[in-house]
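Worksheet: one structure, shown below.
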Amino acid sequence: MEKLFKQISQTLLAELNDLEHLALSFGGEKSAFARINAARIRQIGNVDEADLGFNFIFDGKRSTSTISLSADLDEDLNRARRELNRLRDETKQLPDDPYLVIPDSTETSINKTHGELPADDELPHKLLPSMGDVDLTGIWSSGRVFRGSSNSAGGYHWFASDSFSLDYSLITPEEKMVKATYAGTHWDQADYEKFLADSIKKLELMHLPPKQIEPGNYRTYIASAGVADVLSMFSWGGVSEAAIRQSESSLGKMRNEGAKLSPHFTLAEDFRSGLAPRFNGNGEVAPEVTTLIDKGELVQTLVSSRTAKEYGIKTNFASGGEGLRAPVMGIGTLNESDVLKTLGTGVYLSNLHYLNWSDMIGGRITGMTRYACFWVEDGKIMAPIENMRFDDSIYNFLGENLEAVTDTALLNPEVGTYDGRELNVTICPGILLKSFALTL
Amino acid sequence: MDLQAILSGIDVPADWVGLRYVKEDTGFRLVRDGKPEENTRESKQGIMVEVLVDGQFAYYGTSRLDAAGIQAAAGQAVVLAKAAAKYSLHSFEADARPLARGSYRSAYKKATEAFSPGEISELLIKSTAELKVSDKVVTTNAMARIVESESHFVSSNGSDFDQQYLMVSADYSAVAQDGSVTQKRTDGGLLAKSYQAGMEVFDEQDVLARCRIIGAEAVELLSAEDCPTGTMDLVLAPDQMMLQIHESVGHALEIDRILGDERNYAGWSFVRPADFGKLQYGSKLMNITFDPTIGNQFASYAFDDGGLKAEKEFLIKDGLLLRGLGGRESQIRSGLDGVANFRASSWNRAPIDRMANLNLEAGESSYDEIIGAVERGVFMTSNRSWSIDDYRNKFQFGCEYGKLIENGKLTRTVKNPNYRAISNPFWRSLKMLGNQDTFEVYGTPFCGKGEPNQAIRVGHASPLCLFDKVELFGGA
């Protein structure tokens, strides 16, 4: 794939006319998927695809596109040339774009990591027998993911990595569930079987008779996976500079009214894990670490070069949508082993589900509790709870009601596949809240 | 591409082979505050090869379109199917892919050539100017999404059908601000105006008139009081009913969810197989149809991606649950009646049970009769927030714009209108149903489901509805 991208890049960029600028991006994957229901195979298959993205600029106008590639160089060069010519024709007809940014990054990088993945035809036998009689439903994804970028200024980046994930739910006959994700780059059968067995053990707690709690405000612990869901909301009407400037951000109150979150809350865009590429679609390389919220204060936002040009500010080479690509939340001092004792009496939430802004400008999020969520009394788990709806503002539960943050940040891999397999990982600890509003 | 010739050349030890070629061009243009923000086009094409071996389907989606590449994909799919057959959830036969022949062409009045890229941009720029009705409007957006899609399916048991669509979605929005108060209006919810249609959707006079109303309502909301908190009557406009039907009826009735396929992602369902024919889902006024045959609705088609012929079916009649949203595979697995809704988002995904057009049939009441019947309540329109639990029970939805209803009359405007309820009790509280004059058609390109994930187009239509005693509340 790298050879294909490099050859298309070299050819197209050499064929540009005067005053034309072009940034190319590449996205691709060779993936295996197995959908599992009741510890049996529901659907299984491979997806092999590659796309070439264009950001074409001429005479103050800009147009972008994406085409499918076939992995045959001659065919793909034909497709790419046709697309470039189409863009030339279309761009002429468009109005001037005052905020376009001519790609000028000359940086280069190559990052290729190889893993050890199970052969596709061995997958069912490696995955399923150790599930035994447990009701397990989930998705296996594995294979190689490719990202590339090149531009007419000479910049070039290539990123390729192997990875696998088994994202699954374990379900009791009473329909109580535990969620887990086994992910990595090098398959280890014994390690997988131990991980699976450990998660099955967690299911034992779910056999306790469930407790129906009433709507109200509760002391609450949200584990790392649930916190990752909350942090994902910061990529939608959150840390984007453009969203704040255009009055479509929950953090507008921090910028414009001096609102603050808790001193326990720190959030950064932090690429040091190396799990996600630092370059964006224009080939611009983000700083290794950009602290966004420092001890509750909004200190920076994600700023794309386009936004920077529009508002006359400095870019930090965010992606076009100014969403988080490598979110890392700062740890606190609460020892994981002290969570239940410190919670005392309240609810313990392992996961959240279906979050949405119920009042974006007010910073209020609604969503559901899901999976292993418990009623805790005097530091002891008493019963799983029936799922509850919450509806609370980040200015409350990440503000004055954020009592403590655990001292361990866990990796929460993004297993979403709407636009192909994701590379993002959210690294975050758990949070203890003095109060959290459960509403239905 | 001669798909039949490629199929004939595939030599693999499979009980059934199917090829589904998809080519889709999506153009998207966005103008913000009079300036171009996006002018982009996505042209995707590829082929989904499916095989059936030893009762197990397996697939290989590839963007390689040459015969050798497709043959190799079929060979690899056979390897996967054989490996998985020992662990199959269900052992299928070739009747899971019924014989289908025919074609479908979506209806439109003006072809894409009727507007050049420059002309569409010009209209969008004019639209943002119309949206800015005052200095209090701080951000304006106008967007157009035009999709040209074609698919061709052939199979070893003789299926050969092709379907072509032209689809247009558009939206116009204004964000208004006054001090710390910020409000937004769109054209019925983000891209809710999504249709199988042509460039006739961009009638300039009509678009600009709508933009003036959208801008004015955004400003109007700035000085509105918050939606009252309390249990009272709720009147929902058809553009919000779209979301209500989608989340609390559509997903709940998907048979693959009921069978547990989605339990790790979108979730399960409160509906169980034994409920069909017995569960009183809503009040007697509630009639829900699956109807992929409506001319301009967003998810109309002739065959689903398994080859089942698409026909109108009542899922809920007089409030009674009759039939689920399940394609042939789900029908075989569950023994339940279903519909032709086995759909894939593109060539790179295997089909699963999806909604298509799922509609609430019109009733008898006029707009005035419904509003006149409310002593104290709120009218809400245009979705802005949505969340529901994994069983499709506890939901909370929010709208952009509300009006108090007092003593049978619409009175003051309210901002941040929200409501929450539980699906069955909510639908059983449907006490008045608008007539055909209140019936409106909407759609969305963004229904998410499945592992691996798939976003697909759905259509929903509904009349105005009145619900009794619902929990309402306002903003933060």
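Across the stretch B:125-177, which residue is nearest to B:ALA192 (Cα to Cα) among those that are charged (D, E, K, R) and in a strand (DSSP E or B)?
As a first pass, look at the stretch B:125-177 and keep what is charged (D, E, K, R): B:126, B:130, B:132, B:135-136, B:145, B:148, B:150, B:160, B:162, B:171.
So of that shortlist, the ones also in a strand (DSSP E or B) come out as B:145, B:148, B:150, B:160, B:162, B:171.
Details: B:ARG145: 12, B:GLU148: 18, B:GLU150: 23, B:ASP160: 33, B:ASP162: 27, B:ASP171: 8 Å.
Residue satisfying both the conditions and the ranking: B:ASP171.
Every residue in the stretch A:34-49 that is touching a residue at least 24 places away in the same chain (Cβ under 8 Å) and either hydroxyl-bearing (Ser, Thr, Tyr) or within 15 Å of B:LEU89 (Cβ to Cβ) (or both), please.
The answer is A:ALA34, A:ARG35, A:ILE36, A:ASN37, A:ALA38, A:ALA39, A:ARG40, A:ILE41, A:ILE44.
If you scan the stretch B:341-365, which residues turn out to be assigned to a loop (DSSP other than H, G, I, E, B), within 24 Å of B:GLY277 (Cα to Cα) and within 15 Å of the chain's Cα centre (by Cα)? Let's see the steps before the verdict.
Taking the stretch B:341-365 first, the residues assigned to a loop (DSSP other than H, G, I, E, B) are B:341, B:344-351, B:354-356, B:361-364.
From what's left, within 24 Å of B:GLY277 (Cα to Cα): B:341, B:354-356, B:361-363.
Once the filter is applied, which keeps residues that are assigned to a loop (DSSP other than H, G, I, E, B), within 24 Å of B:GLY277 (Cα to Cα) and within 15 Å of the chain's Cα centre (by Cα), the stretch B:341-365 yields B:ASN341, B:ARG354, B:MET355, B:ALA356.
When only residues in the stretch B:37-76 that are aliphatic (A, V, I, L, M) and at the interface with chain A (Cβ under 7 Å from one of its Cβ atoms) count, which is nearest to A:ASP72 (Cα to Cα)? Even if it seems obvious, please write down each step before you answer.
Going residue by residue through the stretch B:37-76, those that are aliphatic (A, V, I, L, M) are B:47-49, B:51-53, B:58, B:65, B:67-68, B:70, B:72-74.
Then keep just the ones that are at the interface with chain A (Cβ under 7 Å from one of its Cβ atoms); that gives B:58, B:65.
Values: B:ALA58: 25, B:LEU65: 10 Å.
Here the answer is B:LEU65.
Out of curiosity, is B:GLY443 touching a strand residue (DSSP E or B) at 6+ places or on another chain (Cβ under 7 Å), surrounded by 20 or more Cβ atoms within 10 Å (Cβ to Cβ), within 14 Å of chain A (Cβ to nearest Cβ) and in a strand (DSSP E or B)?
no
Please determine, by comparing only the residues of the stretch B:99-120 that are within 14 Å of chain A (Cβ to nearest Cβ) and in a helix (DSSP H, G or I), which one is surrounded by the fewest Cβ atoms within 10 Å (Cβ to Cβ).
Here the answer is B:GLU113.
All but one of (1) facing chain B (nearest Cβ under 10 Å); (2) in contact with a strand residue (DSSP E or B) (Cβ under 7 Å, 6 or more places away or on another chain) hold for A:ARG82, so report the exception by its number.
A:ARG82 satisfies every listed condition except (2).
Output the residue which, of all residues in the stretch B:264-288 that are within 13 Å of chain A (Cβ to nearest Cβ) and in contact (Cβ under 8 Å) with a residue 24 or more places away in the chain, is nearest to the chain's Cα centre (by Cα).
That would be B:ALA266.
So which residues in the stretch B:405-444 are charged (D, E, K, R) and either farther than 17 Å from B:ARG384 by Cβ or outside the structural domain of B:ASP233 (by TED's automatic domain parsing) (or both), if there are any at all?
Of everything in the stretch B:405-444, those that are charged (D, E, K, R) and either farther than 17 Å from B:ARG384 by Cβ or outside the structural domain of B:ASP233 (by TED's automatic domain parsing) (or both) turn out to be B:GLU406, B:LYS409, B:ARG412, B:ARG428, B:LYS431, B:ASP437, B:GLU440.
Specify the residue that is farthest from the other protein chains (Cβ to nearest Cβ); the eligible residues are those in the stretch A:309-354 that are over 30 Å from A:GLY379 (Cβ atoms) and more than 24 Å from the chain's Cα centre (by Cα).
Top of the filtered list is A:LYS314.
Restricted to the stretch A:11-49, and to residues that are more than 23 Å from the chain's Cα centre (by Cα) and of a type in the set (D, E, K, R), which residue is farthest from A:PRO118 (Cα to Cα)?
Result: A:ASP18.
Could you give every pair whose Cβ atoms fall below 7 Å, whose first residue belongs to the stretch B:289-309 and is closer than 15 Å to B:VAL154 by Cα, and whose second residue is part of a loop (DSSP other than H, G, I, E, B) and among the charged types (D, E, K, R), counting only separations of at least 6 or pairs across chains?
That search, which allows pairs on different chains as well, returns B:GLY306/B:ARG97; B:GLY307/B:ARG97.
Could you go through the stretch A:59-67 and let me know if any residue there is assigned by TED's automatic domain parsing to the domain that holds A:ARG86, among the basic types (Lys, Arg), touching a residue at least 12 places away in the same chain (Cβ under 8 Å) and on the phi < 0 side of the Ramachandran plot.
yes
Please find, within the stretch B:9-29, the residue that is nearest to the other protein chains (Cβ to nearest Cβ) out of those that are in contact with a Lys or Arg (Cβ under 9 Å, 6 or more places away or on another chain) and more than 18 Å from B:GLU148 (Cβ to Cβ).
Filtering the stretch B:9-29 for residues that are in contact with a Lys or Arg (Cβ under 9 Å, 6 or more places away or on another chain) and more than 18 Å from B:GLU148 (Cβ to Cβ), the one nearest to the other protein chains (Cβ to nearest Cβ) comes out as B:GLY18.
Can you say whether B:GLY459 is part of a strand (DSSP E or B), touching a Leu at 6+ places or on another chain (Cβ under 7 Å) and either within 11 Å of chain A (Cβ to nearest Cβ) or touching a residue at least 40 places away in the same chain (Cβ under 8 Å) (or both), as far as the supplied structure shows?
The answer is no for B:GLY459.
Take the conditions at pLDDT 95 or above, under 12 Å from A:LEU136 (Cα atoms) and within 23 Å of the chain's Cα centre (by Cα) and apply them to A:TYR182. Does it pass? I'd like the intermediate steps shown before the answer.
Details: at pLDDT 95 or above: yes; under 12 Å from A:LEU136 (Cα atoms): no; within 23 Å of the chain's Cα centre (by Cα): yes.
So A:TYR182 does not fit the description; no.
Residue check: is B:ASP261 surrounded by fewer than 24 Cβ atoms within 10 Å (Cβ to Cβ), acidic (Asp, Glu) and either under 16 Å from B:LEU325 (Cβ atoms) or within 18 Å of the chain's Cα centre (by Cα) (or both)?
no
Kindly provide the set of residues from the stretch A:107-124 that are outside any strand (DSSP E or B) and over 12 Å from A:PHE164 (Cα atoms), ordered by number.
Pass one, the stretch A:107-124, residues outside any strand (DSSP E or B): A:107, A:114-115, A:117-124.
Across the stretch A:107-124, the qualifying residues are A:GLU107, A:ASP121, A:GLU122, A:PRO124.
Restricting attention to the stretch A:355-397, which residues are crowded, with 19+ Cβ neighbours inside 10 Å, assigned to a strand (DSSP E or B), within 12 Å of another protein chain (Cβ to nearest Cβ) and aliphatic (A, V, I, L, M)?
Result: A:ILE365, A:MET368.
So which residues in the stretch B:17-36 are crowded, with 19+ Cβ neighbours inside 10 Å and over 24 Å from the mean Cα position of the chain (by Cα)?
If the condition is that a residue be crowded, with 19+ Cβ neighbours inside 10 Å and over 24 Å from the mean Cα position of the chain (by Cα), then B:VAL17, B:GLY18, B:LEU19, B:VAL31, B:ARG32, B:PRO36 are the ones that fit.
Here is a yes/no grid of residues against (1) of a type outside the set (Ser, Thr, Tyr); (2) touching a residue at least 40 places away in the same chain (Cβ under 8 Å); (3) out of contact with any Cys (no Cβ under 7 Å at 6 or more places or on another chain):
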residue	(1), (2), (3)
B:GLN56	yes, no, yes
B:ARG64	yes, no, yes
B:ALA67	yes, yes, yes
B:GLY75	yes, yes, yes
B:ALA81	yes, yes, yes
B:LEU99	yes, yes, yes
B:LEU131	yes, yes, no
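Could you please find all residues in the stretch A:251-270 being of a type in the set (Gly, Ala, Ser) and within 12 Å of chain B (Cβ to nearest Cβ)?
First, pick out the residues of the stretch A:251-270 that are of a type in the set (Gly, Ala, Ser): A:252, A:258-259, A:262, A:268.
Selection gives A:GLY252, A:GLY258, A:ALA259.
Of the residues in the stretch B:178-201, how many are part of a loop (DSSP other than H, G, I, E, B), more than 30 Å from B:ARG20 (Cα to Cα) and either in the same structural domain as B:PRO417 (by TED's automatic domain parsing) or not charged (D, E, K, R) (or both)?
Here the count works out to 6.
Regarding the stretch A:398-411, can at least one residue be identified that is touching a residue at least 12 places away in the same chain (Cβ under 8 Å), out of contact with any Ser or Thr (no Cβ under 8 Å at 6 or more places or on another chain) and within 14 Å of another protein chain (Cβ to nearest Cβ)?
no
Hey, could you check the stretch B:448-461 for residues that are of a type outside the set (Val, Ile, Thr), touching a Gly at 6+ places or on another chain (Cβ under 8 Å) and buried (at least 24 other Cβ atoms within 10 Å of the Cβ) and say which is nearest to B:TYR367 (Cα to Cα)?
B:HIS460
The values are calculated or read from the model by the stated rules, or taken from the named source; none is laboratory data. Small disclaimer: the values here were computed from a predicted structure and weren't measured. Here Cβ is always computed from backbone atoms with ideal geometry, including for glycine, and neighbour counts include all displayed protein chains.
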